Each structure stands twice: as C-alpha cells, then as structure tokens.
Amino acid sequence: MAHAGLRPDDNQGIPNPPVYYASTVLFPTIEEFETRDRPPYHGVQYGRSGTPTQFAFEEAVTALYPGGHKTVSWPSGIGAIAATMITFLRHGDHVLVADTVYGPTRKRVGANLLERAGVEITYYDPLIGGGIADLINERTRMIYLESPGSHTFEVQDVPAITQAAKARGVMTAIDNTWSSPLYCNPFDLGVDLVIEAATKYICGHSDAMLGTTTVSTEEQFQALKAMQSTLGSRAGPDECYLGLRGLRTLSVRMERHQKNALVLAEWFQARPEVARVLYPALADDPGHELWRRDHTGASGLFGVMLEPCSKAAVAAMLDGLELFGMGASWGGYESLVITIHPEKLRTAVPWPHDNPMLRFHIGLEDPADLIDDLAAGFTRLNAAS
C-alpha cells in the first residue's frame, strides 16, 4: 500500500506519479507510433487508452489483490459494475445476481441496461451457498455476488458459490467495496472478477469518484480494455491521483473505521430503542463465522434496526445530529447516516420487517463524541414518540 505503483526513477525522483492530462500523444517516428504498446510508451497512445497516472493507480490496486492479473479503472463504482457486466454478458445470456446487491446495481444496471439488452436476470437468496448450482442453466454466464450485502449485510458463502460456478464453467464477479482489498481478497475465494467502488475506502476523503475491476486473466483484461475504449469511459487523471494518495493511508484508516464501528455497534446493541444491529463483526451476527473465515477485518458500515417508532421520531433524532451527515455515499473520513428501505429492493427473499432501518458509516472521529451525539438523538426520538 505504501509503495505499489510508484516510479520515482521515471519522474525525477518524485515519489507520487504526476497528473498527466492528455488527449493527443505524439511519437517521433512511424515505427514508434506503430509499436506504441511496447516500451518506453507502455500503451500510452491516446487519451482514451489511459495515461501513466491511470496505469500507476491500476498497478497499485492489482498489487493489493494477490491472484489478480490486471486492473481497469472507471469513472465510478457503478460505472465499473455496468462496464464489467456488459463486457461479459450479451443478448440471450442468463445472470444470477444476489438479492442483496447495491440498489443501483439492480435498478440501473439490471433494469436499465441488462434487461433492455435481452439478458435474463435471476435474483437469488444470498445465503444459498452451494445450492446455487440448482439455479444455473445452459445460458448462465455469470454469478454476481456482494458480501456482505448492501443495507442488511448478509455474508455469502463465496467459496461454495464459486466452486459450483467453476464446475459449470460460469464466471463469477463480486462487489468487494465493503471490505476493500485490505480486509478481503476474493481471488483467494475463487472469484474471477473483483469490482470495487474506489470512491469509498480507497479514495477515502469524499472528494473523488472512481471504480475498479480487477481480473484474473489476460483475456478478461483485453475484453475490458476494448469495452473501455468503445465506451470512452476511462477514469480521469485527477481521480486516479487521489486514488493513489488514498491507498497510502488505507490500512491506518480502515483500522480506525473498524475500531470505531465496533465501539458504536456494541453501544447500539445496549440501547433500548434498538431492536438489532446488522454488522458481521459482532459475535452474535448470523454471518459472523463466514465473515471470520473469509475476511480479516470489518469496515465502518453497518445497519441498525430500531424498535417500532414514528417517522417523525426518526426525523427528530437524525435531523439534529451534529457529527453525522446525511448522504448517500460512504467510505470517507466522516460519519454518515441515512434511512434505508430493504423491503423496496428485494424479490427473491422479501425483507420481513417493517421497523425503521438506518445505515451508519462510522468515520474517524472520537467515538465518545459520536456516542454523545447519538445519545442526544435518542433523547429527541423518545420525546417525539
């Protein structure tokens, strides 16, 4: 994390690769123009194909995923998901998608892109494990995973699913944003393609949009690069620079996110207003044992199910918080909270609860300050109930 992607000898001894802005790339001879994939150009041939800033970021991400072959970067996490799906799926194919995936994966990539293109989608129970073999048919080309799942944090038995997929020649892809490469390497679990919203923990400062797809073979890499060129959808040099900068502190930030999140999660468990905390790092979480087997740590994102109360009471609690912002992203240094509605997203396994649900991202602040802020919020909630 501290050294991957650095080329000081190529940049006058400067540790961080500079930001290259480029559309046109010039070559002194026809021979060099026609062999531009070779040294010293290394694929720098046109702005759409990428620049040394982008390549340095991709090289660093690949280094964090042992077993990964190469990485392609995209302008956002959802961009990485969409581009990866349309690269490897086509009209008439069938894809299995975990019922607990990130909402835009279902609504935007699934409904707006894949279904319109004639790709059949089956949403499956994320806890199905090896039983997913029964859902694979002759047209199934990909199984898409996300573990833990978005909003409700179910942990999938990834090795059981990838084993069933490999037995039938089916590709697997996973959204690994929650864990980051620090706390989970899906290649060790048998996954073929690893997608991450680098917007979140890799960038880490709530100031850049970035996505990555790390592949396991050269054939996959060439297919993705061809799609990237076709779409004209490469990550910007500023964002790649910020992604590289964020990588350097990923380990220390994630350690603090996890430490703070555990303190807050256990505090929530003791509150009478809370029915359940959804966080695999808790010993009594249903997915704890699978999480311990497949992950080396936990991020700062978890869910809280409140005891029944009014919408006005929830608003009274959240609207007055001073240290928790309300925003749809996460993974930055700051703490966040939003209301969530899992019942609106599920089809394979309907969400059985109607309790108010909150999603918290615990940032880098002092946990005692966060607890004081939340305690005051619960006072407001109780007064409005």
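Quick note: the coordinates plus some simple rules give every number you see, no bench work behind them. All of these numbers come straight from a predicted model, not from anything done at the bench. Positions of Cβ are backbone-derived with ideal geometry, glycine not excepted, and every protein chain shown enters the neighbour counts.
Specify whether the C-alpha gyration tensor of the range 1-143 places it in the rounded, prolate or oblate class, a ≥ b ≥ c being the square roots of the eigenvalues: rounded for a/c under 1.5, otherwise prolate if a/b is larger than b/c and oblate if not.
On the way: a/c = 2.78, a/b = 2.04, b/c = 1.37.
Prolate.
Counting Lys +1, Arg +1, Asp -1, Glu -1, what net charge surrounds Leu306 among other residues with beta carbon under 14 Å of its beta carbon?
Details: positive: Arg271, Arg276, Lys311, Arg359, Arg380; negative: Glu273, Glu307, Asp354.
Neighbour charge sum, excluding Leu306 itself: +2.
Give me the net charge for the shell around Ile174: Cβ to Cβ below 10 angstrom, other residues only, Lys and Arg +1, Asp and Glu -1.
Numbers: positive: none; negative: Glu146, Asp175, Asp192, Glu196.
Neighbourhood net charge equals -4.
With +1 on each Lys and Arg Cβ and -1 on each Asp and Glu Cβ, how big is the dipole of the chain about its Cα centre, in debye rounded to the nearest 20? Please list the in-between numbers first.
Numbers: 31 positive and 45 negative charges, 129 e Å.
Using Cβ point charges on Lys, Arg, Asp and Glu, the chain gives about 620 debye.
Could you state the angle between the C-alpha long axis of helix 158-167 and the longest principal axis of the C-alpha atoms of the chain, as a value from 0 to 90 degrees rounded to the nearest 10?
Taking Cα atoms only, the helix is inclined about 50 degrees.
Can you find, among Phe268, His353, Leu374, the residue farthest towards the positive end of the dipole of the range 250-384? Put +1 on the C-beta of Lys and Arg, -1 on that of Asp and Glu.
The Cα lying farthest towards the positive end belongs to His353.
Modelling each spin label as a point 7 Å along the Cα-to-Cβ direction, I'd like the Thr24/Arg90 distance in nm, to one decimal.
It works out to 3.7 nm between the two label points.
Beyond 33 Å, what share of the Cα-Cα pairs of the range 13-247 is found? Please give it as a whole percent. Don't skip to the end; give the middle numbers.
Values: 4921 of 27495 pairs.
Summing the P(r) of the range 13-247 above 33 Å gives 18 percent of all pairs.
With angles folded into 0 to 90 degrees, how steeply does helix 77-88 sit against the dominant principal axis of the chain? Use alpha carbons for both and round to 10.
Compared with the principal axis, the helix lies near 60 degrees.
Determine the calculated [θ] at 222 nm for the chain from helices alone, applying -39500 (n - 2.57) to every DSSP H run no shorter than 4 residues and normalising by the residue count; nearest 500 deg cm²/dmol. Kindly include the intermediate steps, with their values, before the conclusion.
On the way: 11 runs with 122 residues, N = 385.
Counting only the DSSP helices, I get -9500 deg cm²/dmol.
Which angle from 0 to 90°, rounded to the nearest 10, does the C-alpha axis of helix 237-247 make with the longest principal axis of the chain?
The helix 237-247 is inclined about 60 degrees to the chain.
Considering only lysines 8 or more places apart in sequence, or on different chains, count the pairs in the chain whose C-alpha atoms sit under 21 Å apart.
Numbers: Lys70/Lys166; Lys70/Lys200; Lys70/Lys225; Lys107/Lys200; Lys107/Lys344; Lys200/Lys259; Lys311/Lys344.
Value for the chain: 7.
How much FRET efficiency would the formula 1/(1 + (r/R0)^6) give for Glu138 and Glu255, where r is the Cβ-Cβ distance and R0 is 35 Å, rounded to 0.05?
Working: r = 46 Å, r/R0 = 1.32.
The pair Glu138/Glu255 has a calculated efficiency of 0.15.
Using a Förster distance of 45 Å, how high is the FRET efficiency between Asn112 and Asp319, based on the Cβ-Cβ distance and rounded to 0.05? Write out the running numbers ahead of the final one.
Values: r = 33 Å, r/R0 = 0.72.
Efficiency for this residue pair is about 0.85.
Net charge near Gly320: determine it from the other residues with C-beta under 10 Å of the C-beta of Gly320, scoring Lys and Arg +1 and Asp and Glu -1.
Values: positive: Arg380; negative: Asp319, Glu322, Asp373.
Once positives and negatives cancel, what remains is -2.
Only Lys, Arg, Asp and Glu count, each charged at its Cβ (+1, +1, -1, -1), so figure out the dipole size of the range 250-384 about its Cα centre, rounded to 20 debye. Before the final figure, lay out the partial values.
Values: 12 positive and 18 negative charges, 82 e Å.
The calculated dipole for the range 250-384 is roughly 400 debye.
Starting from the Cα gyration tensor of the range 250-384, take the square roots of the eigenvalues, sort them a ≥ b ≥ c, and report rounded, prolate or oblate (rounded when a/c is under 1.5, otherwise prolate if a/b is larger than b/c, else oblate).
Details: a/c = 1.66, a/b = 1.13, b/c = 1.47.
Here the range 250-384 falls in the oblate category.
What's log10 of I(q)/I(0) for the range 305-385 at q = 0.19, 0.25 Å⁻¹, Debye sum over Cα points only, no solvent?
-0.87, -1.21
Looking at the square roots a ≥ b ≥ c of the eigenvalues of the Cα gyration tensor of the range 80-176, which shape do they give, rounded for a/c under 1.5, prolate if a/b is larger than b/c, or oblate? Mind dumping the intermediate values first?
Working: a/c = 1.81, a/b = 1.12, b/c = 1.61.
Oblate, because a/c is 1.5 or more while a/b does not exceed b/c.
With a Förster radius of 35 Å, plug the Cβ-Cβ distance of Thr379 and Glu343 into 1/(1 + (r/R0)^6) and report the FRET value to the nearest 0.05. Intermediate results must be reported in sequence, preceding the final value.
Working: r = 28 Å, r/R0 = 0.81.
The value I calculate is 0.80.
For the chain, with the dipole built from +1 on Lys and Arg beta-carbon atoms and -1 on Asp and Glu ones, taken about the Cα centre, which of Gly130, Val304, Ala117 lies farthest toward the positive end?
Result: Ala117, furthest along the dipole toward the positive end.
Residue farthest toward the positive end of the dipole of the range 13-247, with Cβ of Lys/Arg at +1 and Asp/Glu at -1: which of Tyr21, His205, Pro159?
Most positive-ward Cα: Tyr21.
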